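S.K.: Sharing a structure below in structure tokens format, with a few things to ask.
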Amino acid sequence: MFSAFFNSFKIPELRAKIFFTLGIIALCRVCSNIPCPGIDSVALSAMFDDLNKQQGAGGIVNMIDMFSGGALRAFAIGALGIMPYISASIIMQLVTPVFPQLEKLKREGEAGQQKIIQWTRYMTLVICLVQGFFLAKGMENPGAMLGGAATNNIVNNPGLSFQVMTMIILTCGTMILMWFGEKITDHGVGNGASLIITVNIIDRLPAAVQGMHRLLRQEGTGETSFTMIHVIILLGIFVLITAATVALTQGVRKVPIQYARTATGGGGGQGAAAQGSFLPLRVNFANVMPIIFASAILMFPPLVINAVGWNWLRYIAPLFSYGTTSYMAIYAILIIVFAFFWVANQFNPIQMADDLKRHGGYIPGIRPGKPTSDFLDRAMTRITTAGALFLCVLSLLPMIAAQALSLSPVIADFFGGATLLIICGVIIDTLRQIESHLMMHHYDGFLQKGRLRRGRGSRVFG
């Protein structure tokens with residue numbers, strides 16, 4: 001495997017792509033560390049400390065800060081991160097099957113895709129302006145974010161000028177990151193938007209290692225909190241969870257496909273279609289989207305309860321307290337619901353059955369047409385059920401680890417959830433692209449026995 005990394009730099013074209021990608025990523029990290037003007041950094045840091053105590057690792061603010069690589073905590077020009085672009089892309093994917101015009105553009109090939117990408121950019125601009133305005137208002141009134149708790153003023157000169165300035169700066173920062181991501185996709189290695197998010201998540205790894213060191217030795221006291229045996233066990237658990245996440249990301253059910261138009265060879269032998277052609281059905285078809293949707297929705301009830309302030313709502317508020325049994329149950333149910341929602345929206349068994357029939361393809365033992373679409377629907381429902389349950393367990397592990405082992409949110413985030421799922425998916429997809437270049441130039445790939453699966457790409461979003 002290590003020889004494959006060295007061979008990657010022996011190919012001039014691949015070496016240029018790798019260095020280009022690394023250079024763009026470095027520029028993205030610069031955007032996450034240039035602070036916006038008009039902010040008291042000390043008061044901002046204190047507010048985030050209070051926010052983490054109230055919302056925990058599952059808070060929407062903590063999630064945005066993680067996806068932005070700590071830019072939100074520093075209120076940098078990249079505080080919104082590339083998530084507005086990701087959100088716009090998700091919205092376009094969801095509405096494309098609903099509107100015939102978008103579906104027609106999708107089928108027009110490269111020209112139609114460019115039109116959809118252009119509309120996605122416009123939608124990104126609108127989302128950035130809206131989010132930038134609300135983030136500016138949140139900085140002016142941090143007490144609302146803390147449920148009414150008193151806090152120091154974060155904005156030096158609040159008002160309309162600060163709001164407009166912040167909207168423009170944050171919008172420009174996200175549009176620059178979006179442009180960086182597209183350049184990586186076009187001229188670098190891997191999917192640009194996914195790589196930027198992955199690097200931003202990995203930016204927390206040093207803090208997690210530092211937190212693990214504090215578990216070994218309490219700072220300033222010399223009292224041992226965790227022994228080395230505990231750390232080794234945690235690392236072993238992390239390896240097992242990572243292996244399970246990779247299996248979930250790569251898992252597919254291969255539905256065999258044969259083609260009636262394929263000519264048979266002499267002696268009754270079958271042609272090329274019978275040599276193992278198959279239709280891959282992904283176990284985790286929705287990927288990380290159910291986790292993101294469920295986490296975002298669960299943040300609204302506490303905000304509404306704090307804003308309304310009705311007495312009877314106080315009995316409902318504990319149900320949405322992060323880390324409680326009720327919270328984890330609702331969280332798991334939402335993940336399952338959104339997993340099936342995403343599959344129902346993106347997976348069209350009727351269209352797939354029609355395409356197979358049009359090209360002379362069929363599933364052995366299943367008649368073409370409606371029986372094929374019913375078979376694909378049943379098969380996808382079964383594997384989605386297994387994938388959704390696995391996704392629930394993976395999503396609940398950070399909360400369970402934080403409570404059972406008294407781990408800080410920074411450490412617990414790496415034991416499952418969206419963090420580990422995104423990292424594994426993006427790294428596998430990037431290695432797959434690098435390996436394709438190596439194989440074209442007759443170099444060995446990253447695996448000594450077998451190679452990365454050549455099936456459907458593991459893009460994190462979409």
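S.K.: For the pair N348 and W179, how long in nm is the line joining their label points, each one 7 Å along Cα→Cβ?
M.R.: 3.5
S.K.: Shifting gears a bit: What order do you get for 62-70, 9-17 when each peptide is scored by the mean count of other beta carbon atoms within 10 Å, highest first?
M.R.: The peptides rank, most packed first, as 62-70, 9-17.
S.K.: Also, I was wondering about something else. In the structure displayed, which of K10/K254; K106/K183; K115/K183 lie more than 24 Å apart, Cα to Cα?
M.R.: K10/K254, as the Cα separations exceed 24 Å there.
S.K.: Give me the one-decimal nm value for the distance between modelled label points at M439 and L216, 7 Å along each residue's Cα-to-Cβ direction.
M.R.: That separation, rounded to one decimal, is 4.1 nm.
S.K.: Still on this structure, I have one more. All other residues with a Cβ under 14 Å from the Cβ of F180 taken together, and with Lys, Arg as +1 and Asp, Glu as -1, what is their net charge?
M.R.: +1
S.K.: Using packing as a proxy for protection, rank 427-440, 111-124 so that the peptide with the highest average count of other Cβ atoms within 10 Å comes first.
M.R.: Taking the mean over residues of other Cβ atoms within 10 Å, the ranking is 427-440, 111-124.
S.K.: On the accessible surface of region 326-439, probed at 1.4 Å, how many percent belong to carbon and sulfur atoms?
M.R.: That fraction is 68 percent.
S.K.: Going highest first, how would you order 74-82, 411-419, 342-350 by mean Cβ packing within 10 Å?
M.R.: Result, highest mean Cβ count within 10 Å first: 74-82, 411-419, 342-350.
S.K.: Which residues does a label at L319 reach in region 393-417, if reach means a backbone N under 13 Å from a point 7 Å past the Cα toward the Cβ?
M.R.: none
The values are calculated or read from the model by the stated rules, or taken from the named source; none is laboratory data. Source: prediction; values computed, not measured. For neighbour counting, all protein chains shown are included, and Cβ atoms are generated from backbone atoms with ideal geometry for every residue, glycine included. These accessible areas exclude ligands, DNA and RNA; they are computed on the full protein's heavy atoms, side chains included. Shrake-Rupley method; radii C 1.70, N 1.55, O 1.52, S 1.80 Å.
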